[in-house]
1. How would you classify chain A from its alpha-carbon gyration tensor, with a ≥ b ≥ c the square roots of the eigenvalues: rounded for a/c under 1.5, else prolate if a/b is greater than b/c, otherwise oblate?
2. Using the scaling law 2.2 N^0.38 Å as the reference, what is the normalised Cα Rg of segment B:3-274?
3. May I ask you to compute the full-extension gain from residue A:328 to residue A:17, defined as 0.36 nm times their residue separation minus their alpha-carbon distance, rounded to one decimal in nm?
4. Provide the descending list of Cα extents for segment A:204-278 along its principal axes, expressed in whole angstroms.
5. Output the 0 to 90 degree angle, nearest 10, between the alpha-carbon long axis of helix A:15-25 and the longest principal axis computed from the alpha carbons of chain A.
6. How shielded is A:103-110 by partner chains, expressed as the average number of their Cβ atoms within 10 Å of its Cβ atoms?
7. Pairs of alpha-carbon atoms within less than 8 angstrom and 6+ residues apart define the contacts here; what relative contact order does chain B have, in percent?
8. Limiting things to C-alpha atoms, what are the Rg and the maximum Cα-Cα separation (Dmax) for segment A:1-98, in angstroms?
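Derivation of every value follows stated rules applied to the coordinates shown; laboratory data play no part. Every value quoted in this text rests on a predicted model; they were computed, and no experiment measured them. Quick reminder, even Gly has a Cβ in these numbers, built from the backbone with ideal geometry, and neighbours come from all protein chains shown.
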């Protein structure tokens, strides 16, 4: 067995170690000198850029603009909204010294920007003509986490955070839902990740929000990942920050605000949904390298094979992101393992026999199958294959989500499934039940799924009256 | 006079106040709650995005990749390179508390990332096969400045910082020059800003660099702005951070490193180079709005004029970034002033007489001239006019740079020009002369311009032997 492959713990054996191996060996990240911080290496950052491009296009198409708000927030500002500060202050990193002097007031590195944005909006908004305000920012935030994992939960992470103000409650709700749909599109169209959309229970809601919409995705080990959230903030922040406008009827009113975000945690989700024992499997649309050409040649056959590969790379380059692996120092077998670990969706192998037959051998990363492709049509068949792979990865993930979505009537049933999967059951709506569930099983209420009604078969925890349909799972 | 226009102090009267007025009234920025910090509002951020796009394309075309390194740097790491820490430590903001607890070691918010990048590179680089490493990052940095001005000098700013490692000195020098050329391209091609390229004197060099290349641009008030810099770091950081590789000859060697950056300060330069008494003048390539259509109609003529304007907007939208200002509540005069202040390069006025004549009246922001354009060819003539305006702004700035580039033999001659402009003269190379000049005139050595030799007419300060040709100026 090859040394590259050996370096990865099989996913089936130890999922957590597999994940740690993959993110490092595939050059996605490295640990920074400060605990909990990571370096996002180029291969992973490129995927993040595809995500940025997709979201920017959707945000812009619906009238949003990008801006940039400051990194540091005065303590007095951060503490203005009561629930918000309670939720975030334990996780804050504080700047206390600047330019060689102790600061008169501590400054928080933003854990999120509702407060600083709220302060600015209160200055900019005066009339109903100033509304809606639809602003997004791409930024870094810091939350001092106790337990961290690369991408999934890091002390600093990158994200986008949208902050909007609307004239009416209905408009703000519609914005919240529109942005949830943008995230669902991102997961579905680009990342090939199916997800359950729902509303967070009060206990899991964003600090200061009236309603938090969420997308919950199922990871390879049967745990949930909150992939993105969209918050309807009601008038909580508008009141705390005096965001008021003179309406057309001459009455001074508070605005209705929303916020919504998606972060580099999505990179962790991408790895954990699609990866297998051989490493990453990247959906073609976000693969920095979509196709790798590997020559299979010994001695005298090297020259014509390499010449063909070089030419093939040039032919394919206008259509796909392609690399020709011409490295002399590695065997084809080593290269196969190396590129498989990095999740390249399609490998084209070219040997003397392929040359003679006027074909290349294509190996699909999604299903491992090899097929012969005629040389003449590669500019067409290769992009088609990539489309197939994109769909196939989504379908594989969907099938898994369906298989691991289990209706229950009593939470003990989840134990029979080793707590792997999304457990659908009724909930009485009491936090005490949610707490008990978490204490006993480590499972939480991931969301109250949209479009689902309780079965009225009783709360899966206390057997009391059903109030909501809920998805229970262990989560990252 | 209109209230918008009145709100701007004339540039000729008080340049500093004019600048402050423009950046606020044109909605480019607002002051944040913490002194020295600003909010970059959407109109300015859009310009920054055009800059990002241009640079990213150039960086990528020369093999660079984007990545992300952490915001926080441990104190021990920041202090590893002696000159570097001396230069930056007075400006550092320190995080001392995280997650409710005092940290065992203070963490610096990055003032620049050579140290953290150096630490990571030392782990990643082992063999000559790993070189070159060509990485760029888009990020925020914090430098605790005493005197701040919007965009030009802010405590936090956005920038890109490139960090590369090379096998040889020659390669690293060539990289440094290549990136300087990328910045020159940005200024010339996109921002319509002419600049002098040169080398920094030792006193003005980046802390830790062997050589700093700079682009110096001339602002509207005759002062210089350092627009971007590219540093050849020799082996200073490679030695401080143990960036070593086994070369092909089996010898362990230190790498040669470079770093280079351009920041949101460029937005300040853009404003100060092109702005006039009426406000901003934006080069079309970076104008968020390139064309504004303003209807001139009273009473009954409104309907056909507005219908025409709406249709015109739709015709032009595939070709240029166009807005139809249909606001009822403002007069055409108000709108003219408003869009002029925001620097929109081209205004199309449409009145009943224009309609009857099958034309629109185009007003150029760069020269204030109005010309009639035939309706039938607008899809062609409007983009052509924008190209002309782009060139014209560059030529105006170039003419000013030429006019205010003054050869001197004694630094007192600069006083006759009220110290406005770039003064070219010989310099003996002694820091004591540079210090005396700065003390007496506030002028500094901006650079030793590339391709220029000393005249051998003696140092303009001490009249001692000429060693360098230098550009002297007051600077932002």
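1. Numbers: a/c = 2.02, a/b = 1.61, b/c = 1.25.
Cα axes put chain A in the prolate bin.
2. Values: Rg = 19.7 Å, N = 272, 2.2 N^0.38 = 18.5 Å.
Dividing the Cα radius of gyration by 2.2 N^0.38 Å gives 1.06.
3. On the way: separation 311, 0.36 × 311 = 111.96 nm, distance 3.16 nm.
Full extension of this stretch gives 108.8 nm more.
4. Principal-axis extents of segment A:204-278 (Cα, largest first): 65, 19, 18 Å.
5. Result, in degrees: 70.
6. Working: counts 4, 0, 2, 2, 6, 1, 8, 0.
Rounded to a whole number, the mean comes out at 3.
7. Numbers: 968 pairs, mean separation 66.9, N = 476.
Relative contact order of chain B: 14 percent.
8. Both quantities, over Cα of segment A:1-98: 19.9, 60 Å.
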